[in-house]
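The values are calculated or read from the model by the stated rules, or taken from the named source; none is laboratory data. Please read these numbers as outputs of a predicted model, since none were measured by experiment. So basically every Cβ, Gly included, is an ideal-geometry build from the backbone, and we count neighbours across all protein chains shown.
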Amino acid sequence: MSLRSMLVLLMLAGLPAAAQDSAAPAEAGASPVAQSAAGPVAAADVTLAQFLWDRRPVVVFADTPNDPLLRRQMDQISRELGPLDERDVVVIVDTDPTAQTAIRQRLRPRGFSLVLMDKDGEVKRRMPQPQTVREITRTIDRFPLRRQEMLEQRPAGR
């Protein structure tokens, strides 16, 4: 067996182990979303309390997964997750009004709704129409906690 064949076999043998490591469950007590990017999570899988002082929930509500406004909003968000991740945003999606998730009961949306919350758990803005990521991030950048974070990150900007 040549050296090249042996290297290929070793690399292939290591792939399943690497895949298992990446698919390993999160540590006990760790937030499943805190480790991921801003990507969408189902409202049934999370609570708002687990993001308190850690992430900014951006909650997207619709009465059905086929809602064109929901699709447009999720397209906007999925194209630009980077700016949302920089602002510690987690996108939560709830498209089943019959499930009555804790998030839906607390925020009480009607039809399509985009709700921006801050790390302190307070609702800062409700929007009845889809927004671009740029509009969302500009709104978040006006939150008092975000302004303080920006000053701490770039103290020369004072």
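Annotations for the structure displayed:
- One residue from Arg108, Arg138, Arg147 being touching a helix residue (DSSP H, G or I) at 6+ places or on another chain (Cβ under 9 Å), surrounded by fewer than 17 Cβ atoms within 10 Å (Cβ to Cβ) and not polar (S, T, N, Q): Arg147
- Checklist (1) over 19 Å from Phe143 (Cα atoms); (2) at pLDDT 95 or above applied to Ser22, failing item: (2)
- For beta carbons closer than 9 Å, sequence separation of 6+ or different chains, a first residue in the stretch 113-134 that is farther than 12 Å from Val59 by Cβ and a second that is of a type in the set (Val, Ile, Thr) and not in a helix (DSSP H, G or I), the qualifying pairs are Pro130/Val60.
- Residue ID - surrounded by the fewest Cβ atoms within 10 Å (Cβ to Cβ), chosen from residues in the stretch 26-45 that are farther than 23 Å from Leu145 by Cα and at pLDDT 60 or above: Asp45
- Counting only strands (runs of 3 or more DSSP E) wholly contained in the stretch 74-158, the ones carrying 2 or more residues that are of a type in the set (D, E, K, R) and under 22 Å from Ala43 (Cβ atoms) occupy 123-127.
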